[in-house]
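J.: Please find one structure pasted underneath; my questions will follow.
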Amino acid sequence: MSRFRRTVLSTLLAVTSAALSTAVALPAPAAAALPTAAVALGDSFISGEGAGAYSPVVDVDGVAQSFPGWSAPNSNAYFCHRSPNASLNRADLPGITDRFNLACSGGQPYDIANASATRANGRQVTAQLDQLRAVARTHDIDLVLVGLGSNNSSFTFGKVAEECANRFIADAWTGWWEFWAYLGGPVEQDPCTDDDLATAAQMSAATAETTAAVRQLLTTLDEIDADGQHRVVFQDYTDPLPPEIASNFWTEDSRDDTRDKFRALGAERYAAGCPIHRASLGTGQRFAQRLGTLVGSVRATMAAEFPAADLVYVNVQRAFDGARLCEQSGSPTGALATPIRSMDGPSGVFVTSLAGYDKLDIQRIANTCGTYFQTCQESWHPNAAGHGVLARCLTGAAATSARTVTCVRAPDGTVTVS
């Protein structure tokens, strides 16, 4: 065979081999799909405050903080109180592989984009958006549960609860003349009014803060979500107390809460979990409604700014109907919220009855709560059963085609989302 023919043949074989190789080449394997995630952001009603069995929380230094003791600084990351009993962990969420609770008890809109540790009375945790970005590196985020609004730079749920409870306790244990004789002047003992909890201006400021934080959240989600498909559920708040308490809590020793000093009644309501004036109950209901208006307003504003976003508002103001504190005569048994409880010093032992305590004892117990907030921070939050109900609310909100839904508990305990 001539050199020419050998050269031509070699060339043809090379071309044919290359062509065949090209024809049968397989495409590069597609990147493996990321596992899906549901994430919780926000404050105590989302983190699981009151539900117990709290998990260690990683602090700003990357150290997982377990329970540090009752006398530890309340800024410790552990006191974010993230519970495996929180609604996110118990909701029925088909298609979700993993769940991440990034919420923190006491969380404010500031904490979404900023380290909570950098504000006054914040906890030693990084920005919730930074924690969310870490989740997005390993997961496809499909659902985000957000609870914001009850804490902000104008007012906080803890202070609101403290305001009304302290007025009742002061009224129950100390007569007006004792304040003048021993304290040099009056101490507030009247029932709470709407403006005592949050003025219209404060609500407006809180709405603006919350809107700005959620705007940052939605912008971040658009940047980091693997497929750009995610539902954001905005949950509002339920009042732990009813519109009216059971009649057996109205009087004790023939004294009601409109009298000057009514210690037996004060002790009875504290034991039942509702140390508050009956005249303050309507104020609390309206406060919850105003927070609902705030959350609904934020969702509506964001829907206009992010028209392609999948945003759902779930109203849970009636989720505890029939099972709020002191709504039934056996309270706190059967209630879906935790009673107000504190300690006499950071001992780990909760005071469940104030019978026999005098005003100096009461002041000492109140001071324990003020100095070591963890001794009382679970008060008036959904308990484990309450978070179970909120989980059913979330289940419905995750599956609905509506943009706004209401979660209601019927007298027989049935929960519906519609």
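Read-outs throughout are calculated quantities, based only on the coordinates presented, and are distinct from any laboratory measurement. Model, not experiment: these values are computed from the prediction. Here the Cβ is made from the backbone with ideal geometry for all residues, glycine too, and neighbour counts use every protein chain on show.
J.: Place a label point 7 angstrom from the Cα of THR293 along the Cα-to-Cβ direction, then list the residues of the stretch 191-209 whose backbone nitrogen is under 18 Å away.
T.: Counting only backbone N, you get 193-209.
J.: Lys and Arg at +1, Asp and Glu at -1: add these up for the other residues within a Cβ distance under 14 Å of SER247 and post the number.
T.: Result for the neighbourhood of SER247: -4.
J.: Measure off 7 Å from each Cα along the Cα-to-Cβ vector at GLU188 and ALA64, then give the distance between these two points in nanometres to one decimal.
T.: It works out to 4.3 nm between the two label points.
J.: Sticking with this structure for a sec: What FRET efficiency comes out for SER353 versus ALA410 if R0 is 30 angstrom and r is the Cβ-Cβ distance? Round to the nearest 0.05.
T.: 0.35
J.: Divide by every residue of the chain the summed helix terms, -39500 (n - 2.57) for each DSSP H run of at least 4, and state the resulting mean residue ellipticity at 222 nm, rounded to the nearest 500 deg cm²/dmol.
T.: That comes out to -11500 deg cm²/dmol.
J.: Mind sorting HIS277, HIS81 by how few other Cβ atoms lie within 10 Å of their own Cβ, fewest first?
T.: With the sparsest Cβ surroundings first, the list reads HIS277, HIS81.
J.: For VAL351, VAL144, what's the fewest-to-most ordering of other Cβ within 10 Å of each Cβ?
T.: VAL351, VAL144
J.: Quick test of the membrane-span-like rule: which DSSP H helices of the chain reach at least 20 Å along their long axis (C-alpha atoms) with mean Kyte hydropathy at least -0.5?
T.: Membrane-span-like by this rule: 3-24, 157-173, 200-224, 281-305, 384-399.
J.: OK, next. Using every pair of alpha-carbon atoms in the stretch 221-327, split the distances into 5 Å bins beginning at 0 and state the percent of pairs per bin, rounded to integers.
T.: All Cα pairs considered, the percentages come to 2, 11, 17, 15, 12, 9, 9, 7, 6, 5, 4, 2, 1, 0.
J.: Could I ask something else about it? Expressed as cubic angstrom per residue, what is the convex hull volume of the alpha carbon set of the chain?
T.: Each residue corresponds to 174 Å³ of Cα convex hull volume.
J.: If you don't mind, there's one more thing I want to ask. Quick one: order GLU244, GLU209 by neighbouring beta-carbon count within 10 Å, fewest to most.
T.: GLU244, GLU209
J.: What is the sum of charges around GLN289, taking Lys and Arg as +1, Asp and Glu as -1, for the other residues whose C-beta is under 12 Å from the C-beta of GLN289?
T.: 0
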